[in-house]
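Reading through the structure tokens given below for one structure.
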Amino acid sequence: MNALERLERLLEREQFEKIKAIDNPELHAFLAEWIEWLEPSKVFVCTDSEEDELYVRWKALYYGEEKMLETPNHTVHYDNYYDQARDKANTKLLVPGGKEIPFLNTKDRDEGLREIRELMRGVMRGKELFVCFFVLGPKNSIFTIPAVQLTDSAYVAHSEFILYRKGYEEFKRLGRNARFFRFVHSAGELDERKTSRNLDKRRIYIDLLDETVYSVNTQYGGNTIGLKKLAFRLTIQKAVREGWLSEHMFLMRVNGPNGRKTYFTGAYPSMCGKTSTAMIPWENIVGDDLTFILPVNGVARGANVEKGVFGIIQGVNPEDDPIIWQVLHSPVEIIFSNVLVKDGRPYWNEMGIEIPDEGENHSGKWWKGKKDAEGNEIPPSHKNARFTVSLEHFPNVDLEALENPCGVEVGGMIFGGRDRDTWPPVREAFDWKHGVITMGASLESETTAATLGKEGIRAFNPMAILDFMSVPLGDYIRNYLRFGEKLRRAPKIFAVNYFLRDENGNWLNHKLDKAVWLKWMELRVHGDVDAIETPIGYIPKYEDLKRLFREVLNKDYSREAYEKQFTIRVPELLAKIDRIEKIYREQVKEVPEELFEVLEEERKRLLEARERYGDYISPFTFEGA
Ligand SMILES: Nc1nc2c(ncn2[C@@H]2O[C@H](COP(=O)(O)OP(=O)(O)OP(=O)(O)O)[C@@H](O)[C@H]2O)c(=O)[nH]1
Ligand SMILES: O=C([O-])CC(=O)C(=O)O
Ligand SMILES: [Mn+2]
């Protein structure tokens, strides 16, 4: 029996017809094999129709994976108390022979496939399987990659409808020519709260050879939403092979003088400010998490991989995040996850208003002071609680840029992380290579609640992408360097640090200061302001920042604040170069030699400056020099 015949027996007539309309034997074979293996009691195939999308939304409520809230179109979803973040330990790249690759979590492909298949055998008995088609990137564009998702979680399918462009028609159009990614997910057995029960058997296995990702016994979006971080491993591999960039970056428009539009990307690790930057009130958002950048006629063109936001809700308050606040309080389609709910209303940590002392949250019934099994007090919402919403609902979305099949020209690329004591708030690289190596490849950031495990540990995280890396790091960096050489107009590279602290641990900057750094970078892209040359790149002049603080935030910016924030901290900077060099030499290996040369030059500049001016050098010293 061929695959289509098997599918005809497995599916109800109406569902079968939807599959049959796609002329792709490879897809048929994949579906027949997995439907037989997973043994769902029912299969629903989603086309691009409103009706099918609505069916999925409804099923998330019907099966209890989501509950209705008071506001129309708002729902809440809970993940298991121990399934609240990405599980790095159980996320593995399947490679032939289980070849060890530094910093990557690999596993023998045959063994991994055997294990995951065993865990998934018959796992959907008594459940409904959703077969969904989406695309990464804008439709019918140079960026488009089709993907098919199999999942028994209506919540996962629902999230994908909010976050990605529909792809059923694209599959039909492409027919046999479609080269597509595949995702197979099962939440596994659910408990009475409809959360995954068998967390000890949670696995996320990425088959790089077949461009297929398997995920089982988990619901948390970062472990399950195929097109998000699971596809990301596949697109990084593809990009490095084909000579473009697939990045953990926001994409936004910064509005310059006289209506000038300049687009920026920004790579910061999870929970380090991508969404909050892309949502700065004066500017416009295109994307907040994943960006494809292609070289087109010597220009870097970027597009959002997604069309929605799976954003962190903790700390969202009306003062700092007025637009997100407004969206979260309007009756548009939103899934709140792992928040506190009381009388049908969602509440979260640090929302800037009084929140109830009891209700339901990610731990079940909750009251103030409740402790978990480990004796830790449970906050109202989880630190990694999130909201899922389409970008079309944001008044500040740049829709033209979002849907442009050619993307937008990237004027600047920003790197940043949680760094308490080393980098200044903003600086510009001397050139592409200097930026790629001393800013991107040298990025370190403190760990956060976006992944399971301890927080606040400074960790090497090149390009904010290490968690998702799927090729040897040296190859990835080489591709970056070569990418710049292909361009006749390379984006300028910048580094930011929103997380500087003083001796007492207090933040040196306010959350909205980044609005000023953005305006400064926009001016720099066009050569509209001068800057001060330091050993680590160009930094802003005090007068320019003072003027911008006044114009943008209507705030004073004192010389003292500037001096403290922009002091060049030579001992910390040198120690960092030592750490980074050691990692690349001893752990990563097989790194382009240029990396060491550029680090060495930076070290020399710092040593010379220290010789002349001492350990901590005021920015005014360089300005005068
Ligand atoms: N102190 C400080 N905290 C900030 C600043 N900007 C953002 N944050 C905090 O950073 C956290 C989340 O940042 P997001 O912008 O949601 O993170 P993201 O980079 O989009 O993360 P992912 O969605 O996990 O990839 C929140 O807890 C914010 O309060 C800042 O300028 N200063
Ligand atoms: O993928 C997720 O779980 C959310 C996210 O953006 C990240 O962790 O970087
Ligand atoms: Mn992310």
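Observations on the structure shown:
- Output for the stretch 316-328, where each listed residue is open to solvent by 10 Å² or more (accessible area, probe 1.4 Å) and either part of a loop (DSSP other than H, G, I, E, B) or within 14 Å of ligand 2 (Cβ to nearest atom) (or both): 317, 318, 319, 320, 321
- Boolean, residue 157 is within 16 Å of ligand 3 (Cβ to nearest atom), part of a helix (DSSP H, G or I) and either outside the structural domain of residue 436 (by the TED database) or of a type outside the set (Gly, Ala, Ser) (or both): no
- Unmet requirement for residue 371, which otherwise passes all of (1) within 16 Å of ligand 2 (Cβ to nearest atom); (2) free of Cβ contacts under 8 Å to residues at least 24 places away in the same chain: (1)
- Restricted to the stretch 239-313, the set of strands (runs of 3 or more DSSP E) holding at least 2 residues that are surrounded by 22 or more Cβ atoms within 10 Å (Cβ to Cβ) and within 11 Å of ligand 3 (Cβ to nearest atom) comprises 249-255, 308-312.
- Residue within the stretch 470-484 that is away from ligand 1 (no atom under 16 Å from the Cβ), in contact (Cβ under 8 Å) with a residue 12 or more places away in the chain, farther than 26 Å from residue 600 by Cβ and crowded, with 21+ Cβ neighbours inside 10 Å present: yes
- Tally, over the stretch 485-514, of residues that are out of contact with any strand residue (DSSP E or B) (no Cβ under 8 Å at 6 or more places or on another chain), open to solvent by less than 70 Å² (accessible area, probe 1.4 Å) and more than 18 Å from residue 255 (Cβ to Cβ): 3
- Matching residues in the stretch 434-454 - criterion: being more than 18 Å from the chain's Cα centre (by Cα) and either in a helix (DSSP H, G or I) or farther than 24 Å from residue 585 by Cβ (or both): 434, 435, 436, 437, 438, 439, 453, 454
- Cross-chain or 6+ apart pairs with Cβ under 6 Å, the stretch 451-464 first and free of Cβ contacts under 8 Å to residues at least 60 places away in the same chain and farther than 20 Å from residue 480 by Cβ, then away from ligand 1 (no atom under 15 Å from the Cβ) and open to solvent by less than 70 Å² (accessible area, probe 1.4 Å): 458/444
- Counted residues, the stretch 329-342 - those being assigned to a loop (DSSP other than H, G, I, E, B) and touching a strand residue (DSSP E or B) at 6+ places or on another chain (Cβ under 8 Å): 5
- Count of residues meeting criterion [open to solvent by 10 Å² or more (accessible area, probe 1.4 Å) and either at pLDDT below 95 or not in a loop (DSSP other than H, G, I, E, B) (or both)] in the stretch 515-541: 6
- Candidates in the stretch 489-522 are the residues that are over 25 Å from residue 601 (Cα atoms) and in contact with a Gly (Cβ under 7 Å, 6 or more places away or on another chain); of these, the one that is farthest from ligand 1 (Cβ to nearest atom) is 522.
- Residue list for the stretch 410-424, restricted to those being out of contact with any Lys or Arg (no Cβ under 6 Å at 6 or more places or on another chain) and over 17 Å from residue 533 (Cβ atoms): 410, 411, 413, 414, 415, 416, 417, 418, 419, 421
- Test for residue 164: is it open to solvent by less than 40 Å² (accessible area, probe 1.4 Å), hydroxyl-bearing (Ser, Thr, Tyr) and over 22 Å from residue 214 (Cβ atoms): no
- Only one entry of 71, 75 meets the criterion of being hydroxyl-bearing (Ser, Thr, Tyr) and open to solvent by less than 40 Å² (accessible area, probe 1.4 Å), and that entry is 75.
- Residue in the stretch 365-381 that is open to solvent by 10 Å² or more (accessible area, probe 1.4 Å) and closer than 22 Å to residue 250 by Cβ present: no
- Restricting attention to the stretch 549-569 and to residues that are open to solvent by less than 10 Å² (accessible area, probe 1.4 Å) and touching a Phe, Trp or Tyr at 6+ places or on another chain (Cβ under 7 Å), the residue that is farthest from residue 613 (Cα to Cα) turns out to be 549.
- A single member of 456, 416 is in contact with a strand residue (DSSP E or B) (Cβ under 8 Å, 6 or more places away or on another chain), open to solvent by 10 Å² or more (accessible area, probe 1.4 Å) and closer than 16 Å to residue 273 by Cα, and it is 456.
- Comparison of 171, 183 shows that the only residue that is assigned to a helix (DSSP H, G or I), open to solvent by less than 10 Å² (accessible area, probe 1.4 Å) and not assigned by the TED database to the domain that holds residue 517 is 171.
- Any hit, the stretch 30-46, residues being of a type outside the set (A, V, I, L, M), over 21 Å from residue 215 (Cβ atoms), assigned to a helix (DSSP H, G or I) and open to solvent by 10 Å² or more (accessible area, probe 1.4 Å): no
The values are calculated or read from the model by the stated rules, or taken from the named source; none is laboratory data. Values in this document were obtained by computation on a predicted structure and should not be read as measured data. Neighbour counts are summed over all protein chains in view; Cβ atoms, including those assigned to glycine, are modelled from backbone coordinates with ideal geometry. Only protein heavy atoms, including side chains, enter the accessible area calculation; ligands, DNA and RNA are left aside. Shrake-Rupley method; radii C 1.70, N 1.55, O 1.52, S 1.80 Å.
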